Amino acid sequence: MMSKSYTNLLDLASGNFPVMGREKKRLPRVMTVAGVISELDDDQANSVTSDVPSSIVVDRIIIVANQLPVKAKRRSDNKGWSFSWDEDSLLLHIKDGLPDDMEVIYIGSLKVEVDLSEQDDVSQLLLDKFKCVPAFLPPDILSKYYHGFCKQHLWPLFHYMLPYSASHGNRFDRSWWEAYVAANKIFSQKVIEVINPEDDYVWIHDYHLMVLPTFLRRRFNRLRMGFFLHSPFPSSEIYRTLPVREEILKALLNSDLIGFHTFDYARHFLSCCSRMLGLEYQSKRGYIGLEYYGRTVGIKIMPVGIHMGQIETVLQVADKERRIGELKQQFEGKTVLLGVDDMDIFKGVNLKLLALEEMLKQHPKWQGRAVLVQIANPARGKGKDIEEIQEEIQTSIKRINDKFRQPGYEPIVFIDRPVSLSERTAYYSVAECVVVTAVRDGMNLTPYEYIVCRQGIPGSDCTADSNGLKRSMLVVSEFIGCSPSLSGAIRVNPWNVEATAEALNEAISMVDAEKVLRHEKHYKYVSTHDVAYWSRSFFQDLERTCQDHFRRRCWGIGLSFGFRVVALDPNFRKLSMDSIAASYSRAKNRAILLDYDGTLMPQTAINKVPSPEVISIINSLCGDERNTVFLVSGRGRDSLGQWFSPCEKLGIAAEHGYFLRWSADKEWDVVGQSNDFQWMQIAEPVMKQYTEATDGSSIETKESALVWHHRDADLGFGSCQAKEMLDHLESVLANEPVAVKSGQFIVEVKPQGVSKGLIAEKIFETMAESGRQADFVLCVGDDRSDEDMFEIIGNAINSGILSSSTEVYACTVGQKPSKAKYYLDDTTEVRTMLHALVEESTPPPSPEIVT
């Protein structure tokens with residue numbers, strides 16, 4: 001039987017999310033029966049966008065991950081299943097950092113396959129006893145989603161492995177991507193079954209579910225949702241090779257908070273957002289945020305910790321079972337180095353073995369004394385890469401042991417089987433040094449566990465040595481997530497076998513006093529930055545990021561994975577043609593201020609000369625004696641004067657208002673406070689220096705200003721150079737009467753006291769002084785410089801330049817945060833609106849008199 005959630009898979013993968021059947025009933029907030037996917041409507045039109053929060057507020061968080069934190073085992077009589085908590089699961093310990101009264105619901109898949117006939121009973125059992133909601137994936141989807149797209153494409157790519165050839169990694173398979181989308185769709189349906197979108201928080205975990213935020217945001221525009229990536233995020237050069245790069249990036253941006261273990265991972269993500277989507281991050285009071293269609297997407301950098309209580313409890317068990325004592329006896333007189341790694345190609349196990357071999361060769365004193373115990377956890381993936389690395393490791397172990405073996409001594413003890421946490425803690429307790437040589441790893445908590453175990457338990461066999469000294473040493477790869485937080489560890493480049501060998505020798509040769517100091521420093525950090533600290537910090541940031549959700553107006557736009565939510569001030573709304581036309585027709589003295597680029601002319605247009613349509617509209621508006629029409633632009637007066645020469649009654653404010661002309665038959669006035677342009681001789685050489693050093697940049701010389709453009713330069717380098725130039729120019733021009741400002745791909749130097757806002761104020765003042773105080777104001781613009789005009793209108797009313805009864809229409813182009821009260825979507829809508837005003841200006845024709 002095929003689940004309805006699996007139908008139309010191609011539509012799902014392409015992002016055309018089909019409706020899964022009409023909604024027959026709303027499932028209760030906490031299920032009493034298993035949810036039915038087919039009864040859940042996924043139509044965008046039914047998105048929950050209520051402006052009124054739920055009247056019943058119960059703190060609850062829904063944690064979504066690929067796998068539930070439970071263990072499943074078939075009953076001995078083969079009738080049903082028995083379940084227990086998986087104490088090793090990170091997800092289980094997240095609740096330790098959440099408020100005590102917060103309810104936690106888990107959603108994820110099971111590690112076992114449950115027959116279709118048993119799924120309802122299992123769902124009900126897990127919900128009742130564990131507050132878990134299982135997502136059952138059809139076997140064909142599961143295989144392509146997990147073992148295919150996740151493990152053979154995303155996992156290698158995020159660990160910097162590219163499929164350069166068919167024999168080196170796996171090329172992108174569209175059917176795997178379709179399965180990945182379909183699996184995320186199924187997870188989203190499980191969330192929908194139990195969520196109260198007005199009250200609940202959702203916390204999604206890891207790369208298996210990176211497109212889930214889009215499914216949920218599409219259904220619930222105001223949902224409070226966080227995402228944490230537990231793997232590395234690769235550099236933009238690597239990530240941009242992914243064929244579905246934008247789909248995944250935009251899906252992640254539908255979260256409210258995105259978490260990473262290290263700044264490097266966050267920096268790579270932000271670089272991708274900048275290079276691919278043109279989004280620049282801002283740091284404010286220690287918080288990093290991305291402005292995305294009016295929403296601020298928070299970026300959280302916080303490495304995960306371990307569960308201190310669990311490790312200490314397990315350590316006591318190991319002590320009671322005398323396992324630690326047995327290992328001390330087994331390795332008596334030996335110096336134990338320990339490695340604990342998953343069996344995969346990125347853990348660098350063979351590099352570790354080669355480093356040990358090199359150390360024994362270069363420092364013969366350790367032959368017969370130094371032992372590397374390497375625990376290899378079972379591989380999570382499968383494929384020829386795993387088989388090859390296993391064979392390589394076994395070959396190295398055999399060669400090294402044969403080379404350095406002595407009676408009663410083998411340099412490498414290889415444990416290739418599942419090892420319980422209790423046994424692992426026993427090995428930690430007897431190890432003089434833990435070695436992690438992963439070539440790339442998201443976090444790796446092995447060093448943290450080791451430090452806690454070496455701290456030991458007072459009065460037990462776990463104390464580090466007979467003198468009561470608690471010491472530990474770490475040799476860790478610089479390419480793992482925990483490395484930055486372990487400042488006392490010896491960091492190595494695992495690819496440099498000789499340097500790693502010297503690090504091993506240094507670690508086990510170090511004097512005890514130094515080991516104690518390093519251990520104390522590490523233990524202080526690990527014990528205070530545990531998993532509860534991590535989850536508490538993430539949840540507090542999620543609350544802070546979402547605090548304005550119900551204050552702002554939200555609506556969804558876009559199709560497929562281009563879907564996003566626009567969040568704007570409640571008073572910000574689309575300009576009504578009927579409303580402005582009615583106000584326009586009533587007015588006696590109208591002021592109309594229009595920007596040019598991006599308002600009358602599309603920014604993307606190659607030919608910037610105004611079309612006959614624009615000339616006709618402007619001329620018609622100017623022909624109404626009640627209108628004072630101005631073009632307010634950053635362009636030079638020569639080009640604007642030439643282009644709009646047919647519009648004889650049009651006023652023009654050029655170069656952001658430095659030059660002003662009331663009509664074609666009037667002279668240009670200089671509005672700027674200074675006519676001294678000696679500063680250009682200082683600024684231009686600086687700009688030329690940066691232009692020569694920045695390929696793709698250029699200088700635009702205006703009569704009153706200099707503008708450095710870097711739109712065609714490398715995005716990252718151009719932005720970096722612009723910031724450096726801004727500081728440089730501000731420094732050398734500190735005593736000059738100029739303002740240095742940055743804009744979208746520009747750095748501009750212009751005289752002080754010149755802005756579109758000031759020129760708008762001058763226009764209003766002149767109209768008032770001539771007895772024609774404006775009772776209608778239309779101001780339209782699209783960029784940052786136009787915000788000055790929008791802001792000055794409110795000030796003009798307060799100062800009396802405009803009457804309090806003046807009808808004001810400040811309008812920005814595009815749905816984005818603005819000081820304007822209204823918006824129009826694009827230049828086409830601007831022209832349509834102006835056409836409507838022209839029609840109101842034209843008196844109706846007189847009726848013909850029939851004689």
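The values are calculated or read from the model by the stated rules, or taken from the named source; none is laboratory data. It should be emphasised that the depicted structure is a prediction, and the values quoted were computed from it without experimental measurement. Cβ atoms come from the backbone with ideal geometry, glycine included; neighbour counts cover every protein chain shown. SASA here: full protein model, heavy atoms, side chains in, ligands and nucleic acids out. Shrake-Rupley method; radii C 1.70, N 1.55, O 1.52, S 1.80 Å.
Below, the figures for the structure above:
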| item | result |
| --- | --- |
| ALA713, sole failed condition from (1) open to solvent by 60 Å² or more (accessible area, probe 1.4 Å); (2) modelled with pLDDT under 90; (3) over 24 Å from ALA796 (Cα atoms) | (1) |
| Residue within segment 800-811 that is open to solvent by 20 Å² or more (accessible area, probe 1.4 Å) and closer than 24 Å to ARG635 by Cβ present | no |
| Yes/no for PRO213 being surrounded by fewer than 24 Cβ atoms within 10 Å (Cβ to Cβ), assigned by the TED database to the domain that holds ARG240 and out of contact with any Pro (no Cβ under 7 Å at 6 or more places or on another chain) | no |
| Matching residues in segment 482-515 - criterion: being aliphatic (A, V, I, L, M), in contact (Cβ under 8 Å) with a residue 12 or more places away in the chain and outside any loop (DSSP other than H, G, I, E, B) | ILE490, VAL492, VAL497, ALA501, ALA503, LEU504, ALA507, ILE508 |
| Output for segment 131-164, where each listed residue is farther than 29 Å from ILE345 by Cβ and open to solvent by 30 Å² or more (accessible area, probe 1.4 Å) | LYS131, PHE136 |
| Subset of segment 689-700 (residues that are open to solvent by 50 Å² or more (accessible area, probe 1.4 Å), closer than 16 Å to LEU729 by Cβ and part of a loop (DSSP other than H, G, I, E, B)) | none |
| Any hit, segment 392-415, residues being touching a Leu at 6+ places or on another chain (Cβ under 6 Å), at pLDDT below 95, of a type in the set (Gly, Ala, Ser) and farther than 20 Å from LYS347 by Cα | no |
| Output for segment 751-762, where each listed residue is surrounded by fewer than 22 Cβ atoms within 10 Å (Cβ to Cβ) and farther than 22 Å from GLY794 by Cβ | GLN752 |
| Flag for LEU92 being closer than 22 Å to TRP534 by Cα, assigned by the TED database to the domain that holds SER236, of a type in the set (A, V, I, L, M, F, W, C) and in a helix (DSSP H, G or I) | yes |
| Selection count where residues are open to solvent by 10 Å² or more (accessible area, probe 1.4 Å) and within 15 Å of LEU162 (Cβ to Cβ), scope segment 232-258 | 7 |
| Filter result for ALA431 (touching a strand residue (DSSP E or B) at 6+ places or on another chain (Cβ under 6 Å) and open to solvent by less than 10 Å² (accessible area, probe 1.4 Å)) | yes |
| Residue ID - nearest to ASP140 (Cα to Cα), chosen from residues in segment 182-210 that are among the charged types (D, E, K, R) and open to solvent by less than 10 Å² (accessible area, probe 1.4 Å) | LYS185 |
| Matching residues, segment 482-496, being aliphatic (A, V, I, L, M), surrounded by 21 or more Cβ atoms within 10 Å (Cβ to Cβ) and closer than 16 Å to VAL439 by Cα | VAL492 |
| Some residue of segment 225-241 being more than 19 Å from PRO303 (Cβ to Cβ) and touching a Pro at 6+ places or on another chain (Cβ under 8 Å) | yes |
| Of all residues making up segment 265-289, the number that are over 12 Å from the mean Cα position of the chain (by Cα), in contact (Cβ under 8 Å) with a residue 12 or more places away in the chain and open to solvent by 70 Å² or more (accessible area, probe 1.4 Å) | 2 |
| Set VAL122, VAL114: member being in contact with a Gly (Cβ under 9 Å, 6 or more places away or on another chain) and of a type in the set (Val, Ile, Thr) | VAL122 |
| Cβ-Cβ under 9 Å pairs, at least 6 apart or on other chains, segment 622-644 side surrounded by fewer than 16 Cβ atoms within 10 Å (Cβ to Cβ), far side part of a helix (DSSP H, G or I) and of a type in the set (Gly, Ala, Ser) | GLY623/SER841; ARG626/SER841 |
| Any hit, segment 532-543, residues being farther than 17 Å from GLY298 by Cα and in a helix (DSSP H, G or I) | yes |
| Every pair of residues 6+ apart whose Cβ atoms lie under 7 Å, when the first sits in segment 169-182 and is charged (D, E, K, R) while the second is outside any helix (DSSP H, G or I) and crowded, with 16+ Cβ neighbours inside 10 Å | ARG171/PRO163 |
| Residue in segment 95-102 that is hydrophobic (A, V, I, L, M, F, W, C) and under 29 Å from ARG536 (Cα atoms) present | yes |
| Odd one out for ALA739, checked against (1) open to solvent by 10 Å² or more (accessible area, probe 1.4 Å); (2) part of a loop (DSSP other than H, G, I, E, B) | (2) |
| Residues (free of Cβ contacts under 8 Å to residues at least 40 places away in the same chain and either in contact with a Leu (Cβ under 6 Å, 6 or more places away or on another chain) or closer than 17 Å to PHE538 by Cα (or both)) located in segment 290-314 | LEU290 |
| Subset of segment 225-239 [under 22 Å from PHE563 (Cα atoms) and either hydrophobic (A, V, I, L, M, F, W, C) or over 15 Å from the mean Cα position of the chain (by Cα) (or both)] | MET225, PHE227, PHE228, LEU229 |
| Elements of type helices (runs of 4 or more DSSP H) contained in segment 153-228, each with 3 or more residues being within 26 Å of GLY556 (Cβ to Cβ) | 174-194, 212-219 |
| Residue identified as at negative phi, of a type in the set (Lys, Arg) and loosely packed, with under 15 Cβ neighbours inside 10 Å among ARG544, ARG536 | ARG544 |
| Residue in segment 813-823 that is under 23 Å from ALA653 (Cβ atoms), hydrophobic (A, V, I, L, M, F, W, C) and part of a helix (DSSP H, G or I) present | no |
| Residues within segment 444-463 that are of a type outside the set (D, E, K, R), at pLDDT 85 or above and open to solvent by 10 Å² or more (accessible area, probe 1.4 Å), tallied | 4 |
| Selection count where residues are closer than 18 Å to ALA318 by Cα, open to solvent by less than 10 Å² (accessible area, probe 1.4 Å) and of a type in the set (Val, Ile, Thr), scope segment 388-428 | 1 |
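Okay, residues lined up against (1) crowded, with 18+ Cβ neighbours inside 10 Å; (2) in contact with a Lys or Arg (Cβ under 9 Å, 6 or more places away or on another chain); (3) at negative phi; (4) not assigned by the TED database to the domain that holds GLY651:
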position	(1), (2), (3), (4)
LYS702	yes, yes, yes, yes
TRP708	yes, no, yes, yes
SER719	no, no, yes, yes
PHE764	yes, no, yes, no
SER770	no, no, yes, no
VAL780	yes, no, yes, no
